[in-house]
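Some notes on the structure that comes next.
The values are calculated or read from the model by the stated rules, or taken from the named source; none is laboratory data. What you see is a predicted model, and the numbers here were worked out from it, not measured in a lab. Cβ coordinates were reconstructed from backbone atoms using ideal geometry, including for glycine residues, and neighbour counts include every protein chain displayed. We work out accessible area using only protein heavy atoms, side chains counted, and drop any ligands, DNA or RNA first. Shrake-Rupley method; radii C 1.70, N 1.55, O 1.52, S 1.80 Å.
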Amino acid sequence: MFYVRGLNGHHAVRTWKVAIAAWLLLSFAAAAQDGIHAYDIPAQPLEQAVERFSVISGWSVMYPGDLAAGRSSHALQASLPPLPALQMLLQDTGIEAELTGAQRVVLRRSTHALAETGGGADLPEAERRRRYGGLQQRLREAFCDDPAIAPGRYAATLRFRVGGDGQVQAPELVSGSGSAGRDARLLQALQALQLEAAAAALPQPVTLQIRPSGNDHDCGRRPPLP
């Protein structure tokens with residue numbers, strides 16, 4: 001699973017579109033109830049708490065890196081589906097979670113907090129969600145294209161920037177996967193990655209955390225490595 005964050009953030013309708021929107025809503029609601037997990041996460045720095053949530057639930061979490069700065073999580077000792085668990089973890093932090101797909105969520109400042117700080121005015125919320133969702137999906141596709149680095153069985157942390165043309169720049173390995181060959185493939189895949197130019201407007205740099213999901217791979221029907 002992917003867990004992605006940036007370090008400096010400021011952070012239908014014709015009949016067929018309505019049908020698609022309804023289908024997405026049902027999909028997201030199903031995702032919210034995707035498995036009940038036992039959580040025992042004490043109150044701690046928010047970044048660490050969200051990382052722990054991601055490891056337990058297997059959900060991908062994306063947010064601007066400065067969103068967690070100076071914030072502490074709410075303690076979470078309960079057995080819950082992932083979304084309610086995350087909402088409890090974020091209680092009283094001024095941060096809220098929004099589903100962007102199956103087992104994928106973006107964190108953002110709550111509407112009330114944005115009104116108080118004036119932050120996030122550079123990009124409308126819908127556009128920001130679209131760009132985060134596009135980045136998250138493109139990263140997933142890039143790694144799933146290579147069975148050797150398909151997410152699911154390993155953990156690694158990488159950092160990179162997105163240029164104005166959408167080209168990934170200066171990829172670096174922050175924490176290796178335990179395999180020098182796989183680490184090299186990860187960096188090569190990032191180096192060759194072409195994103196939407198719109199991704200350059202998101203907080204930079206971006207840190208990508210890949211977490212084990214408990215499966216051989218996390219790429220749909222793609223066959224696992226022998």
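Worth a mention:
- Pick from segment 126-139, criterion open to solvent by less than 60 Å² (accessible area, probe 1.4 Å) and more than 12 Å from THR100 (Cβ to Cβ), ranking: modelled with the highest pLDDT: LEU139
- One residue stands out among those in segment 44-92 that are charged (D, E, K, R) and farther than 20 Å from ARG159 by Cα: the one that is surrounded by the most Cβ atoms within 10 Å (Cβ to Cβ), which is ARG71.
- Near pairs, Cβ below 6 angstrom, 6+ apart or cross-chain, from segment 128-155 (part of a helix (DSSP H, G or I)) to any residue that is β-branched (Val, Ile, Thr): TYR132/VAL106; GLY133/THR100; PHE143/ILE149
- Within segment 26-61, being at pLDDT below 50 and either within 19 Å of ARG108 (Cβ to Cβ) or part of a loop (DSSP other than H, G, I, E, B) (or both) holds for PHE28, ALA31, ALA32, GLN33.
- Any hit, segment 99-119, residues being at pLDDT 85 or above, outside any strand (DSSP E or B) and among the hydroxyl-bearing types (Ser, Thr, Tyr): no
- Going through (1) under 21 Å from LEU202 (Cα atoms); (2) assigned to a helix (DSSP H, G or I); (3) modelled with pLDDT of 80 or more one by one, ASP66 falls short only on (3).
- Tally of residues being touching a strand residue (DSSP E or B) at 6+ places or on another chain (Cβ under 6 Å) and not in a loop (DSSP other than H, G, I, E, B) across segment 195-213: 7
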